[in-house]
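This report concerns only the one structure given below.
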Amino acid sequence: MFSRALFLLAIAAHPNIKFNVIINPGSGPGADALPGADYEREVKKLKTYTNTRLVGYVAVNYTNKDIALVQGEIAKYAGWQSASSNTVSVDGIFFDEAPSDNVPAHISYLKSATAYARSFANTGFPAAPYVVTNPGISPANRTYLLPPNQPDLSLVYEEWYSNWTTNTEAKRQQIWDLDVDDSMLAVMLHDVPTALTCTQINDLVDDLKDNVGVQTLWLTEDHDYQVWPAAALWEKYSKSFEDGGSAC
């Protein structure tokens, strides 16, 4: 059984790993100026660690959401700092349901949203607001990942663990073809079997980091991201992810 408390222990136990934490009070920042007592309490705890980065969840619905609504949600996250007298804040934005097709208007939309998020530098967000996009697949046009207004990080694969393992070569090549810095790329795998051996975990993490070239991983055994990962599995992943580390 895992819990928020064990998550904090994992953060403390692995100071060399940067933990990117998606904050999502209600498919966005919620209706009020602040996210509510439970979220405020946990955000404050997370912000006490130097190896955490908090990003506020904003779904853009593949550019079908009016950009003004997107901007409103970004502004609300940025407003947490002043509304809480500087006790609650996030470090940037996580754009879910990001576009990936080769449509100039969609590229422009996402870059505009990114620029807007960064406009809150030092006024609700840090001096360098961190922006994550989640198209879930490698974009058809690498312009999404190029200046100006490129994300700091993009999830270029979000899928079942089994889909990754059966299509590794093809997916690896798609990621290589993006030809951007490894620090910009992330992979999120769900339905990861809890019965993986230490060797299998090491092989998975090493392949993603060293062969595929992604420096950020989200791994969970759950399909809908509704439960905490198994404590033992989480610890093995964390140990494996550390430079030169081994799951066991």
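A short reminder: the numbers here are calculations on the coordinates, not readings from a lab. In this text, all values refer to a predicted model and were calculated from it rather than measured experimentally. Quick reminder, even Gly has a Cβ in these numbers, built from the backbone with ideal geometry, and neighbours come from all protein chains shown.
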In region 21-34, which residues are over 16 Å from Phe94 (Cα atoms) and of a type outside the set (Asp, Glu)? Ala31, Ala33, Leu34
Here are some conditions: (1) on the phi > 0 side of the Ramachandran plot; (2) in contact with a strand residue (DSSP E or B) (Cβ under 6 Å, 6 or more places away or on another chain). Asn86 meets all but one. Which one does it not meet? (2)
Starting from region 154-173, take each residue that is in contact (Cβ under 8 Å) with a residue 60 or more places away in the chain and over 14 Å from Val187 (Cα atoms) and list its partners that are surrounded by fewer than 16 Cβ atoms within 10 Å (Cβ to Cβ) and of a type outside the set (Gly, Ala, Ser), counting only C-beta distances under 6 angstrom and pairs at least six apart or across chains. none
Quick one: count up the residues across region 177-203 that are loosely packed, with under 13 Cβ neighbours inside 10 Å and not aliphatic (A, V, I, L, M). 8
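Let's see how each residue does on (1) over 23 Å from Asp243 (Cβ atoms); (2) assigned to a helix (DSSP H, G or I):
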{"residue": "Leu8", "(1), (2)": "no, yes"}
{"residue": "Pro15", "(1), (2)": "no, no"}
{"residue": "Ile22", "(1), (2)": "yes, no"}
{"residue": "Leu34", "(1), (2)": "yes, no"}
{"residue": "Asp38", "(1), (2)": "yes, yes"}
{"residue": "Glu42", "(1), (2)": "yes, yes"}
{"residue": "Val55", "(1), (2)": "yes, no"}
{"residue": "Leu69", "(1), (2)": "yes, yes"}
Any residue at all in region 77-99 that is surrounded by fewer than 18 Cβ atoms within 10 Å (Cβ to Cβ), closer than 21 Å to Leu145 by Cβ and out of contact with any His (no Cβ under 9 Å at 6 or more places or on another chain)? yes
Give the residues of region 202-245 that are closer than 22 Å to Val180 by Cβ and either of a type in the set (Lys, Arg) or touching a Pro at 6+ places or on another chain (Cβ under 6 Å) (or both), sorted by residue number. Lys209
Could you grab me the full set of residues in region 100-122 that are under 11 Å from Ile67 (Cβ atoms), of a type in the set (Gly, Ala, Ser) and crowded, with 22+ Cβ neighbours inside 10 Å? Ala113
I want to confirm something. Restricting to region 204-234 and keeping residues that are more than 21 Å from Ala13 (Cα to Cα), aliphatic (A, V, I, L, M) and in contact with a Leu (Cβ under 7 Å, 6 or more places away or on another chain), which single residue is surrounded by the fewest Cβ atoms within 10 Å (Cβ to Cβ)? Val214
Residues being more than 19 Å from the chain's Cα centre (by Cα) and either of a type in the set (Ser, Thr, Tyr) or assigned to a loop (DSSP other than H, G, I, E, B) (or both): count how many of those fall in region 105-126. 8
